[in-house]
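I have placed the structure first, in the form of structure tokens, so that the comments after it can refer back to it.
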Amino acid sequence: MESETIVQIWTTENGVIGNRRLTPSEEIEVEMRIAIVACEALKEEIEWIVAGDPDFVQREYLDFGLHLYPDELKHEILNRLGALEGKVDAVFLGFAHCQALKGLPKAVSVPTVMLETEDCLAAFLGEDVYSKEKHNGGITWFYPTGWARRGPDGIVKLFHLDSARDQGYEPEYFLKIMFTGFKRCMYIDTGVAQDGCRETTQALAQQLKLQYVEKQGTLNAIREAVLLTKVVAAGTPSQLTEDEANEVDARSSCLGS
């Protein structure tokens, strides 16, 4: 009988958080090629989670501005996923449902795992906390790291608030109109790449006369989806443990509901 070897199948910057018991003849099957297709707003958190993992061989981060055009966003993602068919074992799709993307993995041939949350804010806060904060103290502008780093200039660029400058309207004029009715500006601290993000959010809150609040974020939803992608990429059902296979079945059921 072949001796068993514990083989690491996923890692994070914090070390090994999952492993599999394989016989020597099976070890080669653990090698994987995984691609990331994700929103640039999640880039720093995703890169922190997959840092040093050789299984992630390709990364594509799409401009957040595509969210303003849901159909175009979906079309672009489908094109990117289609181009990966036969080239990788699985894709981690770093997008939440985002209006038009729910169930998207069922529309492509390449095995794909996405974030099963309403949007990336729900992924960073957790669905329950996000729902509560949306109705707590008036309309809230949520500012996770990927957005906070860009500051007010990022908002101006995203929503083209400088397009009427030649007519005498400065971006700040439209910025104030855009935030009419907002009460709070919330910085979501995900614990990743915080340099200057808190200060940028505070400055935006002060500029727009909003209440500044801060909330501890979580990477659990992204980490869970990354781990599931590795389980899917690991191979056939015979290669998976019973718990892993059950997890894949449960997520597949979710995608089909």
Hydrodynamic radius by Kirkwood, which averages 1/r over all alpha carbon pairs of segment 127-216, in angstrom:
13.7 Å
So which of LYS87/LYS215; LYS132/LYS176; LYS176/LYS215; LYS183/LYS230; LYS43/LYS106 end up more than 31 Å apart, counting from Cα to Cα?
LYS87/LYS215; LYS183/LYS230
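None of the figures in this text is laboratory data; all of them are computed from the coordinates on show. Here the structure is a predicted model, which means the values were calculated and not measured.
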